[in-house]
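Visitor: Before I ask anything, here is the structure I am working with.
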Amino acid sequence: MLIQYSVKNYRSIKDEVVINFSAMGKNIDYGKVITEDGLEYPVYKCIGLLGPNASGKSNIIASLLFALRFINSTIERKEKSKIKTEMFMLDKESREDASSFEFIFF
């Protein structure tokens, strides 16, 4: 079960963006969360991304799909083959820096 996903330096995402599924508030609707032994907090079964137009919502989803496809195709990929990602191009340092994708799961 996915607890948290983060991405950095991918398409329009320069700084790290973190999507956390943990329910940490006071008024938790326990019909909408999963509670398991070993989890620090209950975890939402479903979340939504809200924000104004052109704020990067689609690129967050695209980064998640890219990372999942990369994981699934890793066994077929040659060890020294170049990984083609779309870095944040509006900053010189970002163009030379690597993209980062992190999954925390239980």
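The values are calculated or read from the model by the stated rules, or taken from the named source; none is laboratory data. Given the structure is predicted, the values throughout are model-derived calculations rather than measurements. Counting neighbours? That spans all protein chains shown, and the Cβs are built from the backbone with ideal geometry, glycine included. Side chains are part of the model used for accessible areas, which takes the heavy atoms of the whole protein and leaves out ligands, DNA and RNA. Shrake-Rupley method; radii C 1.70, N 1.55, O 1.52, S 1.80 Å.
Visitor: How large is ³J(HN,Hα) for each residue in the stretch 90-98, as worked out from phi by the Karplus curve 6.51 cos²θ - 1.76 cosθ + 1.60 (θ = phi - 60°), to whole Hz, x for Gly and Pro?
Guide: 8, 9, 4, 4, 5, 4, 9, 8, 7
Visitor: In nm, what is the difference between 0.36 nm times the number of residues separating Ser12 and Tyr41 and their Cα-Cα distance?
Guide: The span from Ser12 to Tyr41 would gain 7.4 nm if fully extended.
Visitor: Continuing with this model, one more query. Go through [x] 54, 32, 29; [y] 45, 36, 19; [z] 50, 32, 27 and flag the label whose value is the computed Cα extents along the principal axes in Å for this structure.
Guide: Answer by label: [y].
Visitor: How would the stretch 1-50 be classified by its alpha-carbon gyration tensor: rounded, prolate or oblate, with rounded meaning a/c under 1.5 and the a/b versus b/c comparison settling the rest?
Guide: prolate
Visitor: What is the spin-label model distance, in nm, from Asp97 to Tyr30 if the labels are put 7 Å beyond Cα along the C-beta direction?
Guide: According to this spin-label approximation, the distance is 4.2 nm.
Visitor: Once you keep just the Cα pairs under 8 angstrom separated by 6 or more residues, what percentage relative contact order results for the chain?
Guide: 43 percent.
Visitor: OK, next. If each of Thr74 and Ser22 carries a label point 7 Å out from its Cα toward its Cβ, how far apart are those two points in nm?
Guide: 2.4 nm
Visitor: Using Cα atoms only, what is the angle between the long axis of helix 57-73 and the major principal axis of the chain, expressed in degrees (0 to 90) to the nearest 10?
Guide: For helix 57-73, the angle is close to 80 degrees.
Visitor: Another one. If you average the alpha carbon positions of the stretch 49-81 and of the stretch 1-43, how far apart do those two centres end up, in angstrom?
Guide: 17 Å
Visitor: Also, I was wondering about something else. Counting only protein heavy atoms, what percent of the accessible surface of the chain is carbon or sulfur at a 1.4 Å probe?
Guide: Answer for the chain: carbon and sulfur cover 53 percent of the accessible area.
Visitor: What accessible area per residue, rounded to a whole number of Å², is obtained for the chain using a probe radius of 1.4 Å?
Guide: 77 Å²
Visitor: Can you give the FRET efficiency for Leu90 and Ser55, using 1/(1 + (r/R0)^6), R0 = 25 Å, r = Cβ-Cβ distance, to the nearest 0.05?
Guide: Details: r = 15 Å, r/R0 = 0.61.
Once rounded, the FRET efficiency stands at 0.95.
Visitor: What ranking do 21-30, 69-78, 40-49 get when scored by the average of other Cβ atoms within 10 Å per residue, highest first? Intermediate values should be presented prior to the final figure.
Guide: Working: 21-30: 11.4, 69-78: 9.2, 40-49: 13.0.
Result, highest mean first: 40-49, 21-30, 69-78.
Visitor: In terms of modelled amide H atoms, which long-range or inter-chain residues lie less than 5 Å from the amide H of Ala23?
Guide: Amide H neighbours of Ala23, under 5 Å, 5+ apart: Val43, Tyr44.
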